[in-house]
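Structure first, commentary second.
The values are calculated or read from the model by the stated rules, or taken from the named source; none is laboratory data. Because the structure is a prediction, the values reported are computed rather than measured. Counting neighbours? That spans all protein chains shown, and the Cβs are built from the backbone with ideal geometry, glycine included. In case anyone asks, the SASA skips ligands and DNA or RNA and just uses the protein heavy atoms, side chains included. Shrake-Rupley method; radii C 1.70, N 1.55, O 1.52, S 1.80 Å.
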Amino acid sequence: MTSILKEINEYFFGQSRFRLKLTVFLMAVALVPLLLLGVVSIYAININRRFEVAALETQLTNQKIKQIESFLNDIIEALRFKVASQEPRISLGEQNFLLSNLMNAFPSLEEVSFVAVLPENNYGKETFRISRDKLFSCGVIKDAEGEKLENCLSWSPDNLDDPQSLRNFQLAKEFLAAKVGKDYIGPMIKTSVGPRFIAAVPFKNEKDEIIGVIAAKIFLNPVVRLVEQSTLGLKGYVFVTDKDGSVIASSAPLFKALGYQLKKIDIVSSVLFGAKRTGLDSADAYANIFGDKVIGAGDIVKKTGWAVIAEWPEDDAFAPSLRLRNQIIYFSGALAAVIFLAATFAANRVVRPIKELVEGTKIIGEGKFDYKIDIKTKDELKDLGDSFNEMSKSLKKLAELREEFIFVAAHELRTPVTAIKGYLSMILEGTVGKISKKTAEFLKKIQASNDRLVQLVQDLLQVARSEAGRLKIALSPQKINESVFQVFDELRPLADDRNIIFEYSRPAKELVMADNDRLKEVLINLIGNAIKYNKNDGKIIVSHKVENNFLVTAIADTGIGFKPEEMPRLFEKFWRAENEATRAQTGTGLGLFIVKELVEKMGGKIWVESKWQIGATFYFSLPIAK
Amino acid sequence: MRKFNFPTLLKVMALIIVIGAVIYSFKNQRPDQKKIIIPAQSVHYFKDPSLSLDKISLKIIYFIPKDRSASINQSWKELIEPAVKDLQSFHKIQFDNRSVINYEIFPDPVIGLLEAIDYDTQDTNRGNPYALSAITDELQNRFFDPAGDFYKGNFAKTESEDFSVIYIIYQGVGASGIQGSALLSLSYFINAEFSGYKESLFYHEFAHTLGMPDRFDEESHIYTSFDILGNGKIRPLANAYIDFETKKEMGF
Ligand SMILES: [Zn+2]
């Protein structure tokens, strides 16, 4: 299980510069333009949307202003009737007729009064009143014609506080304005049954004389309704305040309950001051009284000085671009994931065969020409792998040729050098007559050189045989300590020459699986080297230990040892350490290579530990015989 | 290149995404309930910003002169309480919820220490202001002085920041109000002729306790407004309103 996870981890997150480059490149190519395009298009959409929002808001406020104005105009124009009379007064009957008609035509009139203007007609006093509540409708009972209407009391200072009396308008604002010819539209009045306002207009006769004032109390419920019915997106709303900043109506339920003084809010106060707000200015994006960011626009109802404001929360107003932004974010995320997977897949497709090639060339480089690079990509990479395989085949052939040549050469050399060796021995032993001291000395030098040549030829043959697989090894249980003692005996003269002593700390009782001759060859080589490269008066210690069914034999010397950088090359063909000590010694550079081959062929391993100037220890292991 | 390896890049990307998500979710967290972030202006006593009317404590006492104790109206409370509730909601609407009235009706009729003539004096015109001041003085001693016979901790207690109003429902004649106290005859709640606008009268006198003046010309007594402080006091409360001229002296 963990190995699968490891493989997955390696597949997706393993270190590969190529994949990183590929991923970064693909992301740059795919994501950067997408994000740039997204940012630009969101920006563009936002700007465009801001225009749309402003336009919709302005359209809405304009529409509401128009509706409010037409509502007001209709009523004010209706109040402003002229009478087809040149008289300075109209009769109560006519007043009743006119006012009743008005009340019938306009359900939003709560109450309408006729107030006399001319001094001779009771200046400033209500002469007729019709109220929706009949209890408060009233007309004068005592007038010039002696008219009398039901349910009415005359105006007099004595019954000032009688609800059914006619009122004195002399000091009322609406009267004071209208009697001099101005239309009066009062502030919004708040009552328990809804907002209303007072309006008054002059009443003229045919001579254009102001003979009276029509004063009315008007329900604003139609305005409230037409504002409440407005819609602006999902969350946008519109509200109307009077000129003191009190909310008359709003399409937002929260504002309705609020009844709030909004004069302190920038947009309300500026609109009340007469500044049109278009929704396009930077100041038109602000936080509303609930702290929500909104786009606002507004304008004034000129007739009344009321402000009509539309506010649209940004999250709703800009919902289309928010949606697009989210889509771009989700899409980019998905694309990034896809790119990551695709890049991983593509990179692994490319990198895996390359890694295979790298591994393969390393193995072939080590001389294992049989290794086959296996790439199944069915493309140029596979061709590359195939030609690598072809190359290693050729290399193998070359190597075989070279081995064959060495074998043949060594084989052919062996006979003459052996012959030379024989004849030299005989000459030196005096078989062919006496020789002078000088001659013997020279011949000995020739013999030494020839011995080296013989050794070289033997070594070469052995190497060639080994490489050609002709090296014959017969494994059987062997007493290794006996071999050690034999080698000690054989090499003792060499050691004694330089006063080097052998130590065999723990002769092994275990039998090892080995070829007796080859084992001895290994020991002679290693112990011989230990003598060769030891200091005078040095020591050679041979010991054993058992490790996992293998017997490990250690041969330690007190020589100069190896430098760390030399250690990996010790067992290479023809390699010799370059230093004072080795230069003094002869050698073919094949010894350790042959030893390694032999140990490995017997199923063991060889390795070395060393400290420069202190000594070296060679270890080899052989399987313990059962 | 070595330090900038792929897992690190991924971790950084994941971290950025997580941080982004956290910031995004914080930014989009909206309070469940909308709160108004602009503080409301305080409502205050007419032309006196130092006296806040944000909270008004209204104490209502049915008061009977000693010599009229026989004519106590047993259903006085049922007559008054609807008008008190109307007063409360009318006030709330007119002052945009910014001034709140808490009322308490003293449960028992209070018999005066004096006779009617002592409160009323000879002159009960213009709403009987003499009775108002005399009774207010007596109630101060009896209700709000710890030595008084009606001193009851709870009824006397008002929050220090509350504006306190005593409203006397008088078994007698009168309708008047001055700062902090008002008087209205119980007869307004009984006689049918006032039935259309008794609540308006009741509020009108209450309005005087908050300093709101009558809207008529002092000399001629001609009304300058038809709101509840003018002629509107004799109209139904449903149609009544307080003119902006008055409200703008009270924090509007
Ligand atoms: Zn008054």
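Between A:Phe81 and A:Glu206, the modelled labels are 1.7 nm apart [label points 7 Å from Cα along Cα→Cβ].
Evaluate the charge dipole of the range A:389-467 about its Cα centre and quote only its size in Debye, nearest 20, assuming +1 on the Cβ of each Lys and Arg and -1 on the Cβ of each Asp and Glu.
Details: 13 positive and 10 negative charges, 82 e Å.
That gives the range A:389-467 a dipole magnitude of about 400 debye.
Projected label points at B:Ser187 and A:Phe51, each 7 Å from Cα along the beta carbon direction, are separated by 7.6 nanometres. Annotation for the B:A interface, with buried accessible surface near 4300 Å², both sides summed [1.4 Å probe; non-protein components not counted]. Treat the range B:100-182 as a sphere of radius equal to its Kirkwood radius over Cα pairs and apply Stokes-Einstein at 20 °C in a medium of 1.002 mPa s; give the translational diffusion coefficient in µm²/s, rounded to a whole number. My calculation gives 156 µm²/s for D.
Axis of helix A:2-13 versus longest Cα principal axis of chain A: the two differ by about 70°, to the nearest ten degrees. With R₀ set to 22 Å, the beta-carbon distance separating B:Ser160 from B:Gln88 gives a calculated FRET efficiency near 0.50. Within chain A, what percent of beta bridges assigned by DSSP are antiparallel, to the nearest 5? So the antiparallel bridges in chain A amount to around 95 percent. Evaluated with a Cβ-only charge set (Lys, Arg +1; Asp, Glu -1), the protein assembly as shown carries a dipole of roughly 6760 debye about its Cα centre, given to the nearest 20.
Inter-chain neighbour count for A:287-293: the average number of beta-carbon atoms from partner chains within 10 Å of each residue's beta-carbon is 4.
Stretching the chain fully between A:Glu578 and A:Asp133 yields a gain of 147.2 nm (0.36 nm per residue, less the alpha carbon separation). In terms of the mean number of neighbouring beta-carbon atoms within 10 Å, the peptides A:172-182, A:364-374, B:158-168 order highest first as A:172-182, B:158-168, A:364-374.
For the range A:504-613, the Kirkwood estimate of hydrodynamic radius, built from reciprocal distances between every pair of different alpha carbons, is 14.9 Å.
For the pair the range A:274-331 and the range A:182-203, the centres of their Cα atoms are 31 angstrom apart.
Per residue of A:182-190, other chain Cβ atoms within 10 Å of the residue Cβ number 3 on average.
Packing, as the average of other Cβ atoms within 10 Å across residues, places the peptides A:385-396, A:610-621 in the order A:610-621, A:385-396, highest first. Across the options A:Ser131, A:Gly430, A:Thr418, the greatest Cα extent toward the positive end of the charge dipole of chain A (unit charges at beta carbon of Lys, Arg, Asp, Glu) belongs to A:Gly430.
For chain B, the longest principal axis of the alpha carbon atoms and the long axis of helix B:129-139 meet at an angle near 70°.
Take A:Ser100: with every protein chain present and a 1.4 Å probe, its accessible area is about 40 Å².
Along the axis of the charge dipole computed for chain A (Cβ charges of +1 for Lys and Arg, -1 for Asp and Glu, origin at the Cα centre), the listed residues A:Gly186, A:Ala310, A:Asn62 are led at the positive end by A:Ala310. Across q = 0.17 Å⁻¹, the range A:439-555 modelled as identical point scatterers on its alpha-carbon atoms has Debye log10 I(q)/I(0) values of -1.01, in the order of the q list. Normalised per residue, the accessible area of the protein assembly as shown is 52 Å², obtained with a 1.4 Å probe and no contribution from ligands, DNA or RNA. Restricting the calculation to alpha carbons of the range B:44-245 gives Rg and Dmax of 16.3, 46 angstrom. Cross-link partners for A:Lys6 among the lysines, with Cα-Cα distance under 23 Å and sequence neighbours closer than 8 places in the same chain left out: A:Lys21, A:Lys355, B:Lys3, B:Lys11. Within a straight-line Cα-Cα reach of under 24 Å, B:Lys59 can be paired with the following lysines, leaving aside sequence neighbours fewer than 8 residues apart in one chain: B:Lys47, B:Lys77, B:Lys85, B:Lys92, B:Lys152, B:Lys157, B:Lys198, B:Lys233, B:Lys247. Once you have the Kirkwood Rh of the protein assembly as shown from its Cα pairs, apply Stokes-Einstein at 25 °C and 0.890 mPa s and quote D in µm²/s. So the translational diffusion coefficient is about 61 µm²/s.
Each distinct pair of alpha carbons in the range A:389-467 adds a 1/r term; the inverse of their mean, the Kirkwood radius, is 14.6 Å. Distance between the modelled labels on A:Glu94 and B:Gln140, one decimal in nanometres: 6.0 nm (7 Å Cα→Cβ projection). Residues of the range B:121-161 falling in the label zone of B:Glu115, defined by backbone nitrogen less than 14 Å from a point 7 Å along Cα to beta-carbon, are B:121-122. Can you work out the PRE-style zone for A:Asp74? Point 7 Å along Cα to Cβ, and I want the residues of the range A:207-231 with backbone N under 17 Å. Hits in the range A:207-231 for A:Asp74 at 17 Å: A:217-230.
Here's the picture: a label point sits 7 Å out from the Cα of B:Ile16 along the beta-carbon direction, and within the range A:26-48 the residues with their amide nitrogen under 18 Å of it are A:26-40. The loop-placed chymotrypsin sites (Phe, Trp or Tyr not before Pro) in the range A:205-304, going by DSSP, that have at most 15 neighbouring Cβ atoms within 10 Å of their Cβ come out as A:Phe273. The amide H of A:Ser85, built 1.01 Å from its N in the peptide plane, has A:Glu206 as neighbours under 5 Å, considering only residues 5 or more places off or on other chains. For the pair A:Ser436 and A:Arg414, the difference between a 0.36 nm per residue extended length and the Cα-Cα distance amounts to 5.0 nm. Remark: the A:Ile354-A:Met391 segment gains 11.6 nm on full extension, using 0.36 nm per residue and subtracting the alpha carbon distance. Of the residues B:Ser187, B:Gln94, B:Ile80, the one whose Cα sits farthest toward the positive end of the charge dipole of chain B, with +1 on the Cβ of Lys and Arg and -1 on the Cβ of Asp and Glu, is B:Gln94. Neighbouring Cβ atoms from other chains, within 10 Å of the Cβ of residues in B:223-231, number 5 on average.
Using a cutoff of 8 angstrom between alpha carbon atoms and counting only pairs six or more residues apart, the relative contact order for chain A works out to 9 percent.
Over the Cα atoms of the range A:304-438, the radius of gyration divided by the Kirkwood radius equals 1.72; this is the Rg/Rh ratio. Can you give the angle from 0 to 90° between the axis of helix A:591-601 and the longest principal axis of chain A, with both taken from C-alpha atoms, to the nearest 10? Its long axis makes an angle of about 70 degrees.
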